[in-house]
1. Estimate the FRET efficiency between B:T26 and B:Q81 by the formula 1/(1 + (r/R0)^6), using the beta-carbon distance for r and 25 Å for R0, to the nearest 0.05.
2. Counting Lys +1, Arg +1, Asp -1, Glu -1, what net charge surrounds B:D67 among other residues with beta carbon under 11 Å of its beta carbon?
3. Could you list log10 I(q)/I(0) for the stretch B:1-62 at q = 0.14, 0.15 Å⁻¹, which the Debye formula gives when each Cα is one point scatterer?
4. Per residue, what volume in Å³ does the convex hull of the Cα atoms of the stretch B:72-112 enclose?
5. Mind checking which of B:S46, B:Q57, B:Y95 is farthest towards the positive end of the stretch B:8-104's charge dipole, using Cβ charges of +1 (Lys, Arg) and -1 (Asp, Glu) about the Cα centre?
6. Kindly provide the pair-distance distribution of the stretch A:8-113 built from C-alpha pairs, with 10 Å bins from 0 and whole-percent values in order of increasing distance.
7. For the pair A:V12/B:K42, report the inter-label distance in nm, with labels modelled 7 Å from Cα in the Cβ direction.
8. Tally the DSSP beta bridges in the protein assembly as shown and give the antiparallel ones as a percent, rounded to 5.
Amino acid sequence: GAGVSQTPSNKVTEKGKYVELRCDPISGHTALYWYRQSLGQGPEFLIYFQGTGAADDSGLPNDRFFAVRPEGSVSTLKIQRTERGDSAVYLCASSPDQGYGYTFGSGTRLTVV
Amino acid sequence: KQEVTQIPAALSVPEGENLVLNCSFTDSAIYNLQWFRQDPGKGLTSLLLIQSSQREQTSGRLNASLDKSSGRSTLYIAASQPGDSATYLCAVRTYNTDKLIFGTGTRLQVFP
């Protein structure tokens, strides 16, 4: 596609529920990144994929968070047993390869009530 | 541990002024530095990317400089316009990782 697409754009869920956030990167981009942005803060790194494999998942806050990219294109960020502190904007970005600039999607605003 | 700081946190100026936004980082071993713009409720738009071997990059009314040895970058906006109102974020990538470390941003308002 022309840009990085994230769905849904907004998600409201109840505490304790499971959510999935989807990212469609730019076609042909091998590198895909997930970031989380809380209000008034800069984005914080969660996980980075090179192709199908997670090259760096050091930013995932705990084992309730998991991400996959099974075919090296679309990625899904999965959050189990959501907590109110998980409320944030989840941003996805892609890049042609390491060393190039990132293109970000518009994000998914997750609200846990 | 790389830390990125941006000052000022907020800036409000009349239209037409030339502006300088500052970004500083603690680890000078960076691979590149990128400036982004973020509009309220939106994702990030890349403005300029400076590789570690470069001193500056220009795009239209924007000019970004990089001084690795002092751990600083500046974003210069010439002849500011109300449409420039947004939050400006800088982010660095260091050699031993592929992730970006972001500052907290400068919230810019340009009034007519």
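Where a number appears in this text, it was derived from the coordinates with a stated rule and is not lab data. Keep in mind that what you see is a predicted model, and the values were worked out from it rather than measured. Note: ideal-geometry Cβ built from the backbone for every residue, glycine included; neighbour counts use all protein chains shown.
1. Details: r = 33 Å, r/R0 = 1.33.
My answer for the efficiency is 0.15.
2. Details: positive: B:R55, B:K68, B:R72; negative: B:E56.
Neighbourhood net charge equals +2.
3. -0.53, -0.61
4. Values: hull volume 3.3 nm³, N = 41.
Dividing the Cα hull volume of the stretch B:72-112 by its residue count gives 81 Å³.
5. B:Y95
6. 16, 51, 28, 4
7. Inter-label distance under the simple model: 2.5 nm.
8. Details: 74 of 83 bridges.
Given both bridge residues lie in the protein assembly as shown, the antiparallel proportion sits at roughly 90 percent.
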